[in-house]
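What follows is a set of notes on a single structure, which appears directly below.
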Amino acid sequence: MRTAEIRTRWLDYFAKHDHTVVPSASLISPDPSILFTIAGMVPFIPYIVGSQRAPWPRAV
């Protein structure tokens, strides 16, 4: 099984369970205070800290 197939299966599983599939984000953060990306969570920081409301209830 190729990695592309594993990724597709992963996304399909969560999409079937009411998650919104969010496109991949850049590894370069727009926030200059972040020196490295934290497990792909950088795009979600505004939602985690509450400065913005998330546009979806669940995301993958």
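Things worth noting here:
- Selection status of P23, loosely packed, with under 12 Cβ neighbours inside 10 Å, at pLDDT 85 or above and under 12 Å from the mean Cα position of the chain (by Cα): yes
- In the stretch 4-60, the residues that are hydroxyl-bearing (S, T, Y), free of Cβ contacts under 8 Å to residues at least 40 places away in the same chain and outside any loop (DSSP other than H, G, I, E, B): T8, Y13, Y47
- Of the listed requirements (1) under 15 Å from the mean Cα position of the chain (by Cα); (2) loosely packed, with under 11 Cβ neighbours inside 10 Å; (3) modelled with pLDDT of 95 or more, G40 misses just one: (3).
- Residue check, A59 surrounded by 11 or more Cβ atoms within 10 Å (Cβ to Cβ), touching a strand residue (DSSP E or B) at 6+ places or on another chain (Cβ under 7 Å) and modelled with pLDDT under 95: yes
- Test: R7 is open to solvent by 80 Å² or more (accessible area, probe 1.4 Å), modelled with pLDDT of 85 or more, at negative phi and within 12 Å of the chain's Cα centre (by Cα): no
- Exactly one residue out of A59, A4 is among the small types (G, A, S) and in contact with a His (Cβ under 7 Å, 6 or more places away or on another chain): that is A59.
- Qualifying positions in the stretch 9-31 - among the polar types (S, T, N, Q) and closer than 17 Å to A59 by Cβ: T20, S24, S26
The values are calculated or read from the model by the stated rules, or taken from the named source; none is laboratory data. Keep in mind that what you see is a predicted model, and the values were worked out from it rather than measured. Cβ sites come from the backbone with ideal geometry, for glycine too, and all protein chains shown count toward neighbours. Surface accessibility is based on the protein's heavy atoms, side chains included, excluding ligands, DNA and RNA. Shrake-Rupley method; radii C 1.70, N 1.55, O 1.52, S 1.80 Å.
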